[in-house]
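Colleague: Shown below is the structure under consideration.
Any read-out appearing in this document is the output of simple, stated calculations on the displayed coordinates, not a laboratory observation. Note that the structure is a prediction, hence the values are computed from the model and not measured. When we count neighbours, we look across all protein chains shown, and the Cβ atoms used for this are built from the backbone with ideal geometry, even at glycine.
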Amino acid sequence: MSKAVEARHSVIGFYADVDSLIAALKAARAAHCGEVHTISPVPLPEVDEVLGAKRSPVRRFTLAGGLFGLAVGWGLTIGSAEHYPLIVGGKPLISLTPFAVIAYICTILFGALFTVAGMLINARLPRIQVGRGYDPRLTGNRFGLQVICSQTEIETIKHRLLESGADEVKYVEV
Amino acid sequence: MSTEAGPQLNYKQVDLDLVPTMRPARKPYYVTLACLLAVIAWGGYAWSWQLRHGLGVAGISWPVGWAVYITLFVFWVGIAHSGTLISAVLFLFRVRWRSSIYRSAEAVTVFAVLTAGLFPLIHLGRPWVAYWLMPYPQMGGLFPNFRSPLVWDVFAVSTYLTVSAIFFFTGMVPDLAIVRDRSRGWREKFYGFFAQGWQGTDRQWRHYTAAYVFLAGLATPLVISVHSIVSWDFAMSIVPGWHTTIFPPYFVAGAIHSGLAMVMTIVIPMRRLFRLHPYITREHLANMAKLMILTGMLLGFSYATEFFIAWYSGNIYERSIFFYRAFGHYAWALWLLVAANVGSPLLFFIPRVRKSVPWLFTLSLFVNVGMFFERFVIIVTSLSRDYDPFSWHLYAPRWPEISILAGSFAWFFLLFLLFAKIFPVVSMWEVKELLPVPGKEHA
């Protein structure tokens, strides 16, 4: 197998509106074009429906972070009280009510930190550079449909994207 | 958005209007920066004077141990609250008009907490041992007292800063990618670094929007809890005028009230300076004014309840302190704050007033002043008239406190001014989300 055949290419079709993009995405999925992505200046929930994407697992990170924070909060307060047993104001050494305040705050803190970590891991961020073939217009007013394919498929995909309403098609080796 | 921002807006126009707000500034901007830096330097000098000569150079002395510094701490933490309300709470309720103003409100939150955080340090007298506040394992035998509301406060405020900063920055990432894509040279590298390689792929948006909802959900309880915990700094003590269960909701309402006023104070000149009229319309400002009617009335109810409970409880100390607040040495401050915080927002019931930018700006300034005096009255009157008449003492701020007060405002406005020139002040991707998709504007 030659190197040229092994190389993968990114073909991006540019669309002026969401409906054309969605139609093209459906066509690409129906034609089993392989790896297909959309690039858009705004989130498009209808893309997830077409792609049949599962719900983001970020929520599990949030839950894990919240539970971890809750444990840290209780652990920190109870552990400190046991490590330094000083009765103040006749209150119990392990005073659950005031300690709950710290546990609550730690739940939120770690919940937020884990949420961001979950987003970065799942969205594969941060990246040093944007992917090859990316076009600045796609954060502006254009919608992109990206198909990852082999060199032999480029012309077919390009033709399909133009047929589906793309007003421009670019391709680049990735 | 099409109705609020005008039907002429489209995706391209949003970029054309908002990216230039980050272009190199002109002379008046630098002159303003220089003035603010001069005031900060003066405040810094006053602080250094206080460090060299001790807290005694400020007006702080027994029994008024908490004075302008803690007043300012509470004031700035309160200012922070509107940002979270507008960005997180209104987001969860899908309030569309928030999109244009929430970025500025979030910036107000982060910078106000950064300003508030200075005051416990300034008030400490020995700021070089500030790390003793944190419950870290150490050999010196410091007692980590988690039963103290002051420790809760350290946790609450630092968590608030962390979560607000995360929410603020996360919300900005797609916009930073827009700016990166429309910049060249070092600016492209600068914004590219902060945009973290954002492209707007379906995968990125899916996880991003999920995270955004959860961050909003996590930030929302902080709106309630942070100022409740700040209020417990007072309410957990037995000082007359402080030891009351109404403090948490009362402080939260006050915090949102002051925060909305500060957002308005900042957004109105910014709107004019950056020509953001299509994005931040009179309707946006009028909606904030309507919120201020609500928070102002909540505050009025709280003030009345405080006085009622003082009378109805039959507690002579409570009655005495509230009588003193209304008719004593600081009565002018009480009536000023009632007029500013409760009276002036009532003018927003008049549609002409809440749609008039000069009126909105003027009344927001009144509320800012009123909210400062609210905290001043709570702190100073209660301390200056404690249980024991022998220790009664009047307090008046001296030049270091007044200089540090001015410095804190300059510091806050400096941070906002830098932000407004470096980062997008209006969320471009969320404004776009509300517009008709390109190619279908007339559909």
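Colleague: Of the residues B:225, B:258, B:313, which exhibits the maximal mean-square fluctuation in a Gaussian network model of chain B defined by a 10 Å Cα contact cut-off?
Modeller: For chain B, modelled as a Gaussian network with Cα springs under 10 Å, the answer is B:313.
Colleague: Would you mind ranking B:301, B:234 so that the residue whose beta carbon has the fewest other beta carbons within 10 Å leads the list?
Modeller: By the 10 Å Cβ count, ascending: B:301, B:234.
Colleague: In percent, how large is the relative contact order of region A:58-122, given Cα pairs closer than 8 Å and 6 or more residues apart?
Modeller: Numbers: 74 pairs, mean separation 38.1, N = 65.
The value is 59 percent.
Colleague: How big is the dipole moment of the protein assembly as shown about its Cα centre under a simple scheme where the beta carbon of each Lys and Arg is +1, that of each Asp and Glu is -1, and everything else is neutral? Debye, nearest 20, please.
Modeller: Using Cβ point charges on Lys, Arg, Asp and Glu, the protein assembly as shown gives about 880 debye.
Colleague: May I pose another question? How long is chain B along each principal axis, judged by its Cα atoms, biggest number first, in Å?
Modeller: Result, largest extent first: 77, 55, 42 Å.
Colleague: Sort B:281, A:139 so that the residue with the fewest other Cβ atoms within 10 Å of its own Cβ comes first and the one with the most comes last.
Modeller: On the way: B:281 19, A:139 31.
So the residues, fewest neighbours to most, are B:281, A:139.
Colleague: Please arrange B:360, B:9 by counting, for each residue, the other beta carbons lying within 10 Å of its beta carbon, fewest first. Display every interim value, and only then the final one.
Modeller: On the way: B:360 25, B:9 21.
In order of increasing Cβ crowding within 10 Å: B:9, B:360.
Colleague: Top mean-square fluctuation among B:200, B:44, B:171, Gaussian network model of chain B, C-alpha springs under 10 Å?
Modeller: The residue that fluctuates most here is B:200.
Colleague: Also, quick follow-up: Output the relative contact order of chain B, whole-number percent, from Cα pairs under 8 angstrom with separation of 6+ residues. Provide the component values of the computation, followed by the final result.
Modeller: Working: 594 pairs, mean separation 146.9, N = 443.
That works out to 33 percent.
Colleague: What list of ³J(HN,Hα) couplings, whole Hz, do you get for region B:14-19 from phi and the Karplus terms 6.51, -1.76, 1.60, once you set θ to phi - 60° and write x for glycine and proline?
Modeller: Karplus values, whole Hz, x for Gly and Pro: 4, 5, 5, 7, 9, 5.
Colleague: Let me ask something else. From zero up to wherever the largest Cα-Cα distance of region A:58-122 sits, split into 10 Å bins and tell me the percent of pairs in each.
Modeller: Whole-percent P(r) values from 0 Å outward: 24, 39, 22, 12, 3.
Colleague: What is the magnitude of the charge dipole of chain B about its Cα centre, with +1 placed on the Cβ of each Lys and Arg, -1 on the Cβ of each Asp and Glu, and no other charges, expressed in debye to the nearest 20?
Modeller: The calculated dipole for chain B is roughly 1260 debye.
Colleague: Take the Cα atoms of region A:1-90, build their convex hull, and give its volume per residue in Å³.
Modeller: 222 Å³
Colleague: I need the per residue convex hull volume for region B:1-136, using only the alpha carbons, in cubic angstrom as a whole number. Each step should come with its number before you reach the end.
Modeller: Values: hull volume 25.9 nm³, N = 136.
Cα convex hull per residue, to the nearest whole number: 191 Å³.
Colleague: Under 5 Å between amide H atoms, partner at least 5 residues away or on a different chain: which partners does residue A:150 have, H built in plane at 1.01 Å?
Modeller: Long-range HN contacts for residue A:150: A:9.
Colleague: Using only atoms on other chains, find how many Cβ atoms lie within 10 Å of each Cβ of peptide B:165-175 and report the average.
Modeller: Mean shielding by partner chains, rounded to a whole number: 2.
Colleague: Could you please state, rounded to a whole Å, how far the C-alpha centre of region A:81-107 is from the C-alpha centre of region A:133-150?
Modeller: Taking the Cα centre of each part, region A:81-107 and region A:133-150 sit 55 Å apart.
Colleague: Once amide H atoms are placed 1.01 Å from N in the peptide plane, what residues at a sequence separation of 5 or more from residue A:168, or on another chain, have their amide H within under 5 Å of its amide H?
Modeller: A:14
Colleague: In percent, what relative contact order does chain A have, based on Cα pairs under 8 Å that are 6 or more apart in sequence?
Modeller: 52 percent
Colleague: Go ahead and estimate [θ] at 222 nm for chain A from helices alone: -39,500 (n - 2.57) per DSSP H run with n ≥ 4, summed, over the residue count, rounded to 500.
Modeller: -16000 deg cm²/dmol
Colleague: Separate question: Show which aspartates and glutamates lie in cross-link reach of residue B:290 when reach means a straight Cα distance below 18 angstrom and same-chain residues fewer than eight apart are skipped.
Modeller: In chain and number order, the partners are B:4.
Colleague: A further question on this structure: With θ taken as phi - 60° and the coefficients 6.51, -1.76 and 1.60, list the Karplus ³J(HN,Hα) couplings across region B:53-70 in order, rounded to whole Hz; mark glycine and proline as x.
Modeller: Taking θ as phi minus 60°, the curve returns 10, x, 4, x, 6, 7, x, 5, 7, 4, x, 8, x, 10, 9, 5, 5, 6 Hz for region B:53-70.
Colleague: Taking just the alpha carbons, could you work out the radius of gyration and Dmax for region B:21-88, both in angstroms?
Modeller: Radius of gyration, then largest Cα-Cα span, for region B:21-88: 17.6, 52 Å.
Colleague: Averaged across B:216-222, how many Cβ atoms of other chains sit within 10 Å of each residue's Cβ atom? The partial results should precede the final answer.
Modeller: Details: counts 0, 5, 12, 2, 1, 4, 4.
If you average over the peptide's residues, the count of other-chain Cβ atoms is 4.
Colleague: If you don't mind, there's one more thing I want to ask. Using θ = phi - 60° and the Karplus curve 6.51 cos²θ - 1.76 cosθ + 1.60, what whole-Hz ³J(HN,Hα) does each residue of region B:415-425 get, with Gly and Pro shown as x?
Modeller: Going residue by residue, I get 4, 5, 5, 5, 4, 5, 8, 9, 10, x, 7 Hz, with x marking Gly and Pro.
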